Amino acid sequence: RAKGDGRGNYRFFEKGMDAAMQHRRAIESGLKLGLTRDEFRLVFQPLMDLESNRISCMEALLRWEHSEMGFISPVEFIPVAEEIGFIVQLGEWVLRQACLTAANWPADIRVAVNLSPVQFKSRRLMDSVRQALEEAGLPPSRLELEITESVLLNDSDQTLETLHALRAMGIRISMDDFGTGYSSLSYLRAFPFDKIKIDRSFIEDVGSTDANFEIIKAVIALGRSLGMATTAEGVETEAQLDAVRAHGCNEIQGFLFSRPLPAKDALELITRLSPIRELEPRLSGNG
Ligand code: C2E
Ligand code: MG
Ligand code: MG
Ligand code: MG
């Protein structure tokens, strides 16, 4: 009997593997089709500047509504797109869409785009960034590129060259999900990031564990001494906001202020909160 059960379990396990493989294959083939079928959308989540209390930037986040499988999270499909190399093409689409969308916002609000390490290492990166900006007529100073520590893992000259070239164009570079990778501190020394985004996992337990709070304080202080701004990711409560504000964090991003919004709602929010849009007609009316 025991042997029989074992075999049964083994078969069940095999079946489970099959289902997972099939799901993965469906994602693989669905990605390319999805791009031609216009199944991808960008949503935009504001970053609030804590000094001016204004939106400084909107992060573009990719959404995929598969025709049969429905909504699939980027956490699931981006690693697959990376493995099959499709992230380069998909990432170019994101860059273009993000720049085109941001070109319609008031001039002082930037757009942040996430770059996959695979996309970052592609030879096409510099050209596709330039092209996206040109096509949209967006000044480079209004683009932020978010990279994770994994981009810097091999720490090659090529990587640093690309980062410097992007920065020389006037593009800002942010270190995303800070604190979740390896050797974070040496990476900060290797490249002058404009912004450090403190990972949500450190913000989550503010108030419940002192250890995370000490880490947040230290990162904010480190950022300040290195001339890098700090953003707290995943701020969901007033207590978290008060805590990061009290220690001089520059920006917050999170559900407390806003969830990621469809482009149309993002524009509405910006227009409602931006003094520039209100001033323009008055200035031209008086002049
Ligand atoms: P990320 O770049 O760190 O983006 C922030 C994620 O945190 C987003 O998840 C956002 O919806 C979520 N978030 C923001 N505020 C809160 C909060 O207060 N509470 C909680 N619980 N979550 C919050 P999302 O959109 O599911 O994206 C997940 C990850 O997928 C991103 O993490 C990024 O690494 C990747 N990703 C998304 N879009 C793109 C893209 O266009 N290109 C690349 N390469 N990666 C992308
Ligand atoms: Mg990001
Ligand atoms: Mg992040
Ligand atoms: Mg994150």
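Every read-out reported here was derived from the displayed coordinates using simple, explicitly stated rules and does not represent laboratory data. Just so it is clear, the structure is predicted and the values come from calculations on it, not from any experiment. Cβ coordinates were reconstructed from backbone atoms using ideal geometry, including for glycine residues, and neighbour counts include every protein chain displayed.
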* Rounded to the nearest whole Å³, what is the per residue volume of the convex hull around the Cα atoms of segment 23-89? -> 100
* Structure fact -> Ordered by fewest other Cβ atoms within 10 Å, a rough proxy for footprinting exposure, THR231, THR148 read THR148, THR231
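Classify segment 29-173 as rounded, prolate or oblate from the Cα gyration tensor: take a ≥ b ≥ c as the square roots of its eigenvalues, call it rounded if a/c is under 1.5, otherwise prolate when a/b beats b/c and oblate if not. Show your work: numbers first, answer last.
On the way: a/c = 1.66, a/b = 1.17, b/c = 1.42.
Oblate shape, in that a/c is at least 1.5 and b/c is the bigger or equal ratio.
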* Structure fact -> Taking r as the C-beta separation of LEU160 and ASP49 and R0 as 22 Å, the FRET efficiency to the nearest 0.05 is 0.15
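In whole percent, what relative contact order does segment 133-235 give with Cα contacts below 8 Å and a gap of six or more residues? Before the final figure, lay out each step's value.
Details: 134 pairs, mean separation 24.6, N = 103.
Averaging sequence separation for qualifying contacts and normalising by length gives 24 percent for segment 133-235.
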* Pairs of lysine in the chain with Cα under 24 Å and at least 8 positions apart or on different chains: total? -> 6
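Starting from the exponent 0.38 and prefactor 2.2 Å, build the expected Rg for segment 78-153 from its residue count and divide its actual Cα Rg by it. The partial results should precede the final answer.
Numbers: Rg = 12.4 Å, N = 76, 2.2 N^0.38 = 11.4 Å.
Here the answer is 1.09, to two decimals.
Across segment 125-254, how large is the tail of the calculated P(r) beyond 19 Å, expressed as a percent of all Cα pairs? Please report the intermediate quantities before stating the final value.
Working: 4243 of 8385 pairs.
Distances greater than 19 Å cover 51 percent of the Cα pairs.
Just for the chain, what percent of DSSP beta bridges are antiparallel, to the closest 5?
Working: 17 of 38 bridges.
Antiparallel bridges: around 45 percent, rounded to the nearest 5.
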* To do: Compute the length gained on full extension between HIS23 and SER225: take 0.36 nm times their separation in residues and subtract their Cα-Cα distance, giving the result in nm to one decimal.
  => 68.0 nm
* Asked: Tell me, what does the Kirkwood hydrodynamic radius of segment 58-98 come to in angstroms if you use every pair of distinct C-alpha atoms?
  -> 10.9
* To do: Work out Dmax and Rg for the chain from the C-alpha atoms and quote the Rg first, both in angstrom.
  => 21.3, 91
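Suppose we look only past 17 Å in the calculated P(r) of segment 210-258. What percent of the Cα-Cα pairs does that tail hold? Before the final figure, lay out each step's value.
On the way: 328 of 1176 pairs.
I get 28 percent for the Cα pairs in segment 210-258 exceeding 17 Å.
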* Asked: Once phi is turned into θ = phi - 60°, what whole-Hz ³J(HN,Hα) does the Karplus curve with 6.51, -1.76 and 1.60 give for every residue of segment 62-67, x standing for Gly and Pro?
  -> 7, 10, 10, 10, 6, 4
* Where the Cα pairs of segment 94-200 fall when distances are cut into 10 Å bins, in % -> 14, 50, 30, 6
